[in-house]
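The values are calculated or read from the model by the stated rules, or taken from the named source; none is laboratory data. From a predicted model like this one, the values you see are computed outputs, not experimental measurements. Every residue, glycine as well, gets a Cβ built from its backbone with ideal geometry; the counts of neighbours run over all protein chains shown. Just so you know, the surface numbers come from the protein's heavy atoms only, side chains and all, with ligands and any DNA or RNA stripped out. Shrake-Rupley method; radii C 1.70, N 1.55, O 1.52, S 1.80 Å.
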Amino acid sequence: MTYLQYHLVFIVPPLLALLLLTWRATRGGASVVGAFREAGWARRTLALFPLIPLVYTTPWDNYLVYKAVWSYPPERVLGRIGYVPYEEYAFFILQTLITGLWLAFWLRRGADDGSAEARVSPHAFTRWGQAALWLGVAFVGVLLLGHEHTFYLGLILAWACPVLSGLSAFGGDLVFGRPRVYWLAVLPPTLYLWATDYFAIQNGIWGISPRYTLGWNLGGVLPAEEMAFFFITNLLVVTGLLSFLHPEALNRVNRLAALIRTGTLRPWMVLTALYALSKIPVPLWPAGFPLLGTLGTGLLFLAALSFAWERVGAARALLLAGLAFAAGLGVELLGSRTGLPFGQYSYAHAPGLLLLGVPLLVPLGWFAMTLAAALLARGKPWLTGLLLVAWDVGLEPLMTAQGFWRWDDPAGLWAGAPIQNFLGWFVVGAVLAFVMREIGEERCSRMQNGQSGWTVLRRHASRCPSPLPPRICSKPRFCPPDCCCWVQASERRC
């Protein structure tokens with residue numbers, strides 16, 4: 001059987017059946033998704049949405065075939081664009097249409113039990129919790145890229161999970177407003193594609209290299225990675241479609257546009273978003289990790305600088321950034337040459353841009369991550385140190401695998417790093433956080449005089465020994481440098 005025949009036997013018939021069901025349900029002008037969304041918007045969304053997975057998956061798929069993770073016998077395909085057969089490009093669109101029409105079917109069925117309207121989940125985890133979870137899974141995927149037998153799984157997770165994280169942050173509560181419909185839309189197409197994938201591999205229509213897989217094969221044929229691939233791609237389709245279709249999604253887009261127009265969306269927010277986006281090409285271009293890593297850390301450094309600039313002014317922000325950068329560079333030079341305070345390690349043969357033999361992203365990261373950790377720790381140096389240690393625990397396996405540094409310490413505990421390394425991170429991070437806090441003179445604390453729920457942001461404490469009488473700030477969202485600033489929601493008073 002050829003790849004084209006596979007489509008004609010397994011993919012086209014269910015697609016035609018779903019198209020027929022949809023046509024019968026919408027002959028009178030009804031919406032393709034019932035009462036969930038009006039007819040015009042729903043029809044355009046379902047028709048145009050397949051273009052997104054086509055564009056996003058094409059470079060990733062070409063890389064997989066180039067690396068021989070996937071293979072297609074020449075006699076089974078009609079031809080290729082790049083490394084990928086024509087039929088594979090068709091699969092991107094056909095799978096999206098099948099899963100999308102199946103979702104539409106269940107959204108229409110909601111009218112039968114009185115639950116056709118769009119809902120919003122009240123649980124915070126469905127939005128921010130899911131976003132953090134998928135981001136963590138994406139990070140695990142990046143780590144898996146460093147090992148041959150987990151390479152395929154790492155590519156799947158590092159490619160798909162950042163998108164799932166972004167979709168969850170935008171509309172996870174919208175997607176899980178109707179969890180039953182969500183899982184009914186995801187699971188049956190996944191099970192069906194598992195069965196057809198099993199058949200295709202068994203009959204040699206395409207193949208999966210055992211070199212890049214764990215060897216956990218269902219029935220001795222279907223790799224666990226393939227099962228993960230179809231499950232995650234259907235999650236992407238259903239999550240994306242529900243995010244586009246939900247009426248509240250457009251309101252959120254409009255609010256974001258309003259933030260941009262009014263200047264409420266600050267530069268550091270944009271830079272942080274660009275930092276996150278810079279991680280998406282990593283699995284598509286593993287050889288470019290040194291460049292992408294340096295670029296991403298540079299964006300995070302600029303985001304931290306912009307954040308500090310708004311809070312404490314240009315002079316103090318530049319002083320904080322310069323101090324942290326110099327301290328980070330100095331301690332890395334000392335550590336890589338003497339073993340203090342981190343242990344015996346070397347930057348010899350490190351890829352990417354170097355400064356005095358130290359990868360540039362290292363001192364850039366010291367400022368950005370220390371500031372971020374200090375904010376999460378509410379300015380407590382000891383907690384800042386612990387958070388930086390936790391960050392380094394995740395950093396060590398990735399960066400040693402990428403060759404940025406090499407441990408030569410006989411007492412290696414984790415990815416070659418000794419316990420001394422983590423103690424050094426704690427001490428350096430805590431000291432740096434303390435110095436940055438004192439220089440910045442910006443502290444947050446709860447008022448103790450009965451005004452519960454208000455936050456005092458003290459600027460230049462030596463000039464503001466006691467709160468001044470409340471008055472509206474002369475500049476929107478800022479206070480004069482010699483007064484205190486009360487913040488509640490979006491209102492600031494000095």
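The Stokes-Einstein estimate for region 16-107, based on a Kirkwood radius over Cα pairs and taken at 25 °C with 0.890 mPa s viscosity, is a diffusion coefficient of 165 µm²/s.
Database remark: amide H of residue 218 closer than 5 angstrom to the amide H of 224 (H placed geometrically; neighbours at sequence offset of 5 or more, or on other chains; Pro and chain starts carry no H). In angstrom, the C-alpha Rg and Dmax of the chain are 26.5, 82.
In this structure, the amide hydrogen of residue 80, modeled 1.01 Å from its nitrogen in the peptide plane, lies closer than 5 angstrom to those of 86, counting only residues at least 5 positions away or on a different chain. Counting only Cα atoms, region 188-343 measures 67, 54, 21 Å along its principal axes, largest extent leading. Per-residue SASA remark: residue 252, around 30 Å² accessible (1.4 Å probe; ligands, DNA and RNA not included). What the phi angles of region 336-349 give under the Karplus curve with 6.51, -1.76 and 1.60, with θ = phi - 60°, is a coupling list of 6, 9, 10, x, 10, x, 9, x, 7, 8, 9, 9, 4, 6 Hz, glycine and proline written as x. One chain, two ends: residue 348 and residue 41. Fully extended at 0.36 nm per residue, the span grows by 104.8 nm beyond their Cα-Cα distance. Stretching residue 248 away from residue 355 to a fully extended chain increases their span by 33.7 nm, per 0.36 nm per residue minus the current alpha-carbon distance. On the beta carbon distance between residue 393 and residue 256, with R0 = 30 Å, the FRET formula returns roughly 0.30.
Rolling a 1.4 Å probe across the protein heavy atoms gives the chain an accessible surface of 47 Å² per residue.
Using θ = phi - 60° in the Karplus curve 6.51 cos²θ - 1.76 cosθ + 1.60, the 3J(HN,Hα) couplings for region 266-281 round to 7, x, 5, 5, 5, 5, 5, 5, 5, 4, 5, 5, 5, 7, 5, x Hz; x is entered for Gly and Pro.
Rounded to whole numbers, the Karplus 3J(HN,Hα) couplings from phi for region 365-374 are x, 4, 6, 4, 6, 5, 5, 4, 5, 5 Hz, using 6.51 cos²θ - 1.76 cosθ + 1.60 with θ = phi - 60°, and x at Gly and Pro.
Ligands, DNA and RNA left out, the accessible area of region 1-94 computed with a 1.4 Å probe is 69% carbon and sulfur.
Among 56, 79, 100, which residue has its Cα positioned farthest towards the positive end of the charge dipole of region 1-116, with +1 placed on the Cβ of Lys and Arg, -1 on the Cβ of Asp and Glu, and the dipole taken about the Cα centre? Result: 100. So, in Å, what gap is there between the alpha-carbon centers of region 287-316 and region 14-69? If you average the Cα positions of each part, the centres end up 38 Å apart.
If the segment from residue 314 to residue 55 were pulled out straight at 0.36 nm per residue, it would be longer than the present Cα-Cα gap by 89.1 nm. Once R0 is set to 45 Å, what does the formula 1/(1 + (r/R0)^6) return for the Cβ-Cβ distance between residue 120 and residue 431, expressed as a FRET efficiency to the nearest 0.05? Efficiency for this residue pair is about 0.50. When the helices of the chain are scored as -39500 (n - 2.57) per DSSP H run of n ≥ 4 and the total is divided over every residue, the value at 222 nm lands at -20000 deg cm²/dmol.
Taking 7 Å steps out from each Cα toward its Cβ at residue 269 and residue 8 produces label points 5.4 nm apart. With one equal scatterer per alpha carbon and no solvent term, the Debye-computed log10 I(q)/I(0) for region 267-337 at 0.11, 0.22, 0.25, 0.26 1/Å reads -0.36, -0.94, -1.01, -1.03.
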